[in-house]
Amino acid sequence: MSERPKIRLFVDHPLEEGERVALSRDQANYLFNVMRLREGAEVALFNGADGEWRAEVAEAGKRGGVLACVAATVAQANPPDLWLLFAPIKKARTDFIVEKAVEMGVSRIVPVQTEFTNSERIRQDRLQAHAVEAAEQCGAVSVPEVTELQPLAKVLDGWDARKLVFADEGAAGQSPSLSDVFAEAPPPAAILIGPEGGFSEVERTRLRGMEQVIPVPLGPRILRADTAAVAALTLWQAAAGDWG
Ligand code: SAH
């Protein structure tokens, strides 16, 4: 495997030796106008299936361009099978949660509508684009899918054997051994973070009644949802994911 170019692009195109990849207008603008690359410059390409490839700029134009794959730099590897379920909050903070989830290594991001969720709508395409940017920045070779916003009750109706770590603000202040608790949820697993308004008693009762569910406290203070997401992802990755 050869060295990895710093500039990375997610492309929806097969990657193998000699493959020529046509760039979208946005990608060409980024490479040739923003990053000022010229022909012969190197870029890392990944598509979520063929690992990462070193590619050379074969054609550089104002509104397009072509990259030619030279050599594989990283084999395809997917992060541990961990989903993040979270209730959307204010737009900027929701963007933040999606970006952190990608950097922290989740395999799927599932926005869920809970009883106390404020913002009714999300822009799934915008959040997916944020996930791509985060994957390009952090060196990932796959991009988690950001699903459409779904009612939490509906997601739970179809829940399979996957362990569900339920960040329950009602358990704040309890102090079990968090490494032990999170180690009880090896992949395939999921983490559920609630909205600013927290979970309703109906939701809490239903969740605590599910055998797949592991309720966890995240310290004695009440964290903002974005803080809680990063904290829970860190604890899980250290105890059961690919940080340990
Ligand atoms: N308004 C609620 C707090 C919601 S915080 C209240 O005052 O009780 C947003 C989400 O972050 C919560 O639903 C929970 O999933 C998570 N969270 C925040 N602090 C937490 C804690 N100390 N323990 C467990 N989960 C926490």
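What follows is calculated from the coordinates using simple rules that are stated; it is not laboratory data. Only a predicted model underlies this, so the values are computations on that prediction, with no experimental measurement involved. Reconstructed Cβ throughout: ideal geometry from the backbone, glycine too, with neighbour counts over all protein chains shown.
Observations on the structure shown:
- Remark: the range 83-133 carries a charge dipole of roughly 100 debye about the Cα centre, counting +1 on each Lys and Arg Cβ and -1 on each Asp and Glu Cβ.
- The chain: relative contact order as a whole-number percent, Cα under 8 Å and 6+ apart: 19
- Cβ-based exposure ranking for Phe96, Phe166, in which fewest neighbours within 10 Å come first: Phe96, Phe166
- In degrees, nearest ten, helix 225-240 long axis to first principal axis of the chain (Cα): 80
- Beta bridges per DSSP with both ends in the chain, % antiparallel, nearest 5: 40
- GNM result for the chain, Cα springs below 10 Å: residue of Ile97, Ile122, Ile109 fluctuating most strongly: Ile122
- Descending semi-axes in Å of the chain, equivalent ellipsoid built from Cα gyration tensor: 38, 19, 14
- Going from the fewest other Cβ atoms within 10 Å to the most, the residues Lys163, Lys91 appear in the order Lys91, Lys163.
- Exposure proxy for Ser2, Ser119: other Cβ atoms within 10 Å of each Cβ, ordered fewest to most, give Ser2, Ser119.
- Estimated 222 nm signal from helices in the chain, with DSSP H stretches of n ≥ 4 weighted -39500 (n - 2.57), rounded to 500: -8500 deg cm²/dmol
- Gaussian network model of the chain, Cα within-10 Å springs - most flexible of Val216, Val102, Val202: Val202
- Look at the dipole of the chain built from charges on Cβ: of His13, Ala129, Leu192, the Cα furthest out on the positive end belongs to Ala129.
- Within straight-line cross-link reach of Lys163, lysines at Cα separation under 19 Å, skipping those fewer than 8 residues along the same chain: Lys154
- Under 11 Å, Cβ to Cβ, from Pro188 - net charge with Lys/Arg +1 and Asp/Glu -1: +1
- Between the range 65-98 and the range 166-237, the C-alpha centres lie 23 angstrom from each other.
- Derived scalar couplings ³J(HN,Hα) [the range 58-64; Karplus, 6.51 cos²θ - 1.76 cosθ + 1.60; whole Hz; x for Gly, Pro]: 8, 9, 10, x, 5, 10, x
- Considering only Leu149, Leu84, Leu37, the Gaussian network model of the chain with Cα springs below 10 Å gives its largest mean-square fluctuation to Leu37.
- Principal-axis tilt of helix 124-138 within the chain, Cα atoms, nearest 10 degrees: 70
- Averaging the sequence gap over all C-alpha pairs within less than 8 Å and six or more residues apart, then dividing by the number of residues, gives the range 108-211 a relative contact order of 36 percent.
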